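Engineer: First the structure, which I've put down as structure tokens, then a few questions once you've had a look.
Any read-out appearing in this document is the output of simple, stated calculations on the displayed coordinates, not a laboratory observation. Predicted model only: the values in this text are computed from it and were never measured. Glycine gets a Cβ as well: all are built from the backbone with ideal geometry, and neighbour counts include every protein chain shown.
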Amino acid sequence: MSPQEFCRRLEIPEECAPLVEQALTHRSALAEGARTSNERLEFLGDAVLGLIVTELLYTLFPHCDEGELSRARALVVSRRTLAQVARQLGVDQVLRLSAAEEAQGGRHRPSILADAVEALIAAVYLQAGLDEARQFVWRMLGDLIQRAPDVYRAHDYKSRLQEKMHALWRQTPEYDLLYEMGADHDKTFCVQVRLGDVVLGKGVGKSKKEAEQEAAREALAQLERAEASPHRHNFIF
């Protein structure tokens, strides 16, 4: 697919095509003849995305405080969210990578996909301006942005677990990193959550925060099963 065709797919001006081509070029391609990569665009796009999402959340949710807005923004601009958007847009199909990076699964790596989306936002911003970039972001993320505070609260397992533990035991759960593995750009973390010496759950994620949320989610699931059990007195909860 040509850059012009991809612009039409994204519903952005075709004049963005040269920068879109750059936005879709991973740094590994420099070893195989690419003249430039998307790293500088990704740097700019990260800031532009943050500004646009912050402005939209500020406008849409006048009753949310700073903390709620910050958490909602973190959800919208997270690597996981942007990687999902990249797949929906077909970015993974048109990325330019080296053969070595391709062989290592780079085309499907969330960090590479998320970086490409940020680079695309920068390409639109530089070529067509902030208003066009805002429309582009809204088409990609508008549905999530409108639901972000509620979605975050529903998936903030750590806060929910802490509230539950305080209500039941007046104690705060603690999180321990069990191990991390993988290359620096593609690490996996495993975390456990415990109350005193009792392990409540374990979780795995591509960041410590993600692993902690997964561990808290497992702990909450165990708590729900314990509360529903006729033998609930056998559980720590």
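Engineer: Relative contact order, percent, of the chain when contacts are C-alpha pairs under 8 Å separated by at least 6 residues?
Structural biologist: The value is 17 percent.
Engineer: Run the simple label-point estimate for Leu177 and Leu144 please: 7 Å along Cα→C-beta, distance reported in nm.
Structural biologist: With each label point 7 Å from Cα toward Cβ, the separation is 2.5 nm.
Engineer: Next question. Which length gain, in nm to one decimal place, applies between Gln4 and Ala47 when the Cα-Cα distance is subtracted from 0.36 nm times their residue separation?
Structural biologist: 13.0 nm
Engineer: A further question follows. Please list, in order along the stretch 122-137, the HN-Hα scalar couplings obtained from phi with the Karplus expression 6.51 cos²θ - 1.76 cosθ + 1.60 (θ = phi - 60°), rounded to whole Hz, x for Gly and Pro.
Structural biologist: Using θ = phi - 60°, the values come out as 5, 4, 5, 4, 5, 8, 10, x, 5, 4, 5, 5, 5, 5, 4, 4 Hz.
Engineer: What percent antiparallel are the DSSP beta bridges of the chain, to the nearest 5?
Structural biologist: 95 percent
Engineer: If each residue of separation counts as 0.36 nm, what is the full-extension length gain between Glu32 and Ala99 once their alpha-carbon separation is subtracted?
Structural biologist: 23.3 nm
Engineer: While we're looking at this one, here's another question. Excluding residues fewer than 8 places away in the same chain, name every one of the lysines whose C-alpha is closer than 18 Å to that of Lys187.
Structural biologist: Here the lysines satisfying the reach criterion relative to Lys187 are Lys202, Lys206, Lys208, Lys209.
Engineer: Say the dipole of the chain comes from +1 at the beta carbon of Lys and Arg and -1 at that of Asp and Glu; which of Thr188, Ile145, Ser70 then lies farthest toward its positive end?
Structural biologist: It is Thr188.
Engineer: When only Cα pairs under 8 Å and 6 or more residues apart are kept, what is the percent relative contact order across the stretch 157-234?
Structural biologist: Across the stretch 157-234, relative contact order equals 24 percent.
Engineer: Once every DSSP H run of n ≥ 4 in the chain is given -39500 (n - 2.57) and the sum is divided by its residues, what mean residue ellipticity at 222 nm do you get, rounded to the nearest 500 deg cm²/dmol?
Structural biologist: -20000 deg cm²/dmol
Engineer: Would you look at the GNM of the chain, springs on alpha carbons closer than 10 Å, and say which of Arg96, Arg225, Arg79 moves the most?
Structural biologist: Comparing Arg96, Arg225, Arg79 in a Gaussian network model of the chain, the most mobile one is Arg225.
Engineer: Hey, what angle do you get for helix 157-169 against the long axis of the chain, alpha-carbon based, 0 to 90 degrees rounded to 10?
Structural biologist: Tilt of helix 157-169: around 10 degrees.
Engineer: Now a separate question. Can you compute the charge dipole magnitude of the chain about its Cα centre, using +1 on each Lys and Arg Cβ and -1 on each Asp and Glu Cβ, nothing else charged? Give it in debye, rounded to the nearest 20.
Structural biologist: The calculation lands at about 640 debye.
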